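Here the structure is laid out as structure tokens; the discussion comes afterwards.
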Amino acid sequence: MNHRILLIGIILFACNEGSVKQQIKSKSNVYKDTLQLESSIKQEIESVDKNDTTIWGVKIAVRNNNIQSIINAFKDMDIERISQFVSYPLERILPIPKINNEIEFQKRFYQIFDPYLIDPIKKSTLEDWLEDDYGIWLFFIEEDNSWNRLYQLNHHGLIEDIWPTSSREKEYRAELIEKEKMTLHHSLKEYETPFVKIKTDDYLVRIDQLEGEKYRYASWKIGEKESSRPDLIITNGEEITGNGGLQIVFHNKEFSYYITHNFVGARYTPEYSLTVKKGEDLIFIQGGVSNHDNSFENLEQIEKDLKSFSQNSGLSAKKLLDKFNTKSELHENDQVTKKLKTIKTKYNITEYELFKGLVRINKQVLSH
């Protein structure tokens, strides 16, 4: 709208300047110029309307078409069709594994979805989906008039998150938690829910939620297993929000340990970071990969393969990062890119996770 106003202002200014310089113009010419001006403005408005986009740079027609397709697919209960309108990987609450592709989505559909989730989307219209900076939302109004989030779509109108957990998923999660407890050191078996696991360059860190909204910190040197005795356990963690992320702080005598989830950050910002302070003095800070990431379980081997490829190809990690575009996607089709894609496929990770692996290797090289 602003650029249309500016266009009108420029044209009117030009016309006004011309009228001052050429006052001998006849009224018929002025009328003709006015018609041309109106025609030009109309064409400009039509051009803008045809290419209308949201403030997030997405064509409104594309977004609306995706949302309507999701609604129609649920009405028809066409699971294969629904799976095509999902942004993968689709996160599930830990320790339930994320859904990485359409096939996994179709297999687990009835574990995730129940009537509480299905019926509202069938009955929804485009006007029921509300958009903000974080995405597009569908809410459900409960009997007490409270609002409950059901779905979060990205700005393109693809399913990015499903908030409630169905009864089947709750049962599945409880089973997974009990299985996981059997693999832990006996000092860690008592907790309410697992929160996150992080691997930094030097440490494996596990955070669990305890009763009373407290958190427990347990850490090992990297390479050790969770079945072994932790090097450190702290049970007084408290959650702090703000500054573009979530932070949990633990205090152990004069030392403080901060686990930060960086929701907002630059392209090279790690997903998580571990910061240790003594009083106000910084001891160290290390970026980390969490078990939300597909590369978590095989992190050491992935980095080993990337380092080996870097050495064999004669290309530094920094040079390999040039194979990715600004969206952290591989955008070339040469032999180097094909080899990187082979590593991606081998470990079932995304191109972004592969990109982050090279970022970590590059930082390790710079720090030595």
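A short reminder: the numbers here are calculations on the coordinates, not readings from a lab. This is a predicted model, so every value here is computed, not measured. Counting neighbours? That spans all protein chains shown, and the Cβs are built from the backbone with ideal geometry, glycine included.
Just a few scattered comments:
- The magnitude of the dipole of the stretch 60-164, with charges of +1 and -1 set on the Cβ of Lys/Arg and Asp/Glu and taken from the Cα centre, is near 380 debye.
- Taking only the Cα atoms of the stretch 60-164, the ratio Rg/Rh comes out at 0.94, with Rh defined as the Kirkwood radius.
- Qualifying GluC sites (Glu not before Pro) in the stretch 305-368, DSSP loop, other Cβ atoms within 10 Å at most 14: E329, E332
- In order along the stretch 218-225, phi translates into HN-Hα couplings of 9, 9, 9, 5, 4, x, 7, 9 Hz, rounded to whole numbers, per the Karplus curve 6.51 cos²θ - 1.76 cosθ + 1.60 with θ = phi - 60° and x for Gly and Pro.
- Cleavage-rule hits, GluC sites (Glu not before Pro), the stretch 104-210, DSSP coil, Cβ neighbours within 10 Å at most 16: E142, E143, E190, E192
- Prolate/oblate/rounded label for the stretch 299-367 (Cα gyration tensor, a/c 1.5): rounded
- About its Cα centre, the dipole of the stretch 285-368 is roughly 220 debye, where the only charges are +1 on Lys and Arg Cβ and -1 on Asp and Glu Cβ.
- In a DSSP loop and with at most 15 other Cβ atoms within 10 Å, the chymotrypsin sites (Phe, Trp or Tyr not before Pro) in the stretch 80-157 are Y134.
- Per residue, the average separation of C-alpha pairs within less than 8 Å and at least 6 apart gives the stretch 60-164 a relative contact order of 28 percent.
- Ordering F255, N236, P270 by the projection of their Cα atoms onto the charge dipole of the stretch 183-290, which places +1 on the Cβ of Lys and Arg and -1 on the Cβ of Asp and Glu, puts P270 at the extreme positive end.
- Alpha-carbon geometry of the stretch 187-336: the Rg and the Dmax are 17.7, 55 Å, given in that order.
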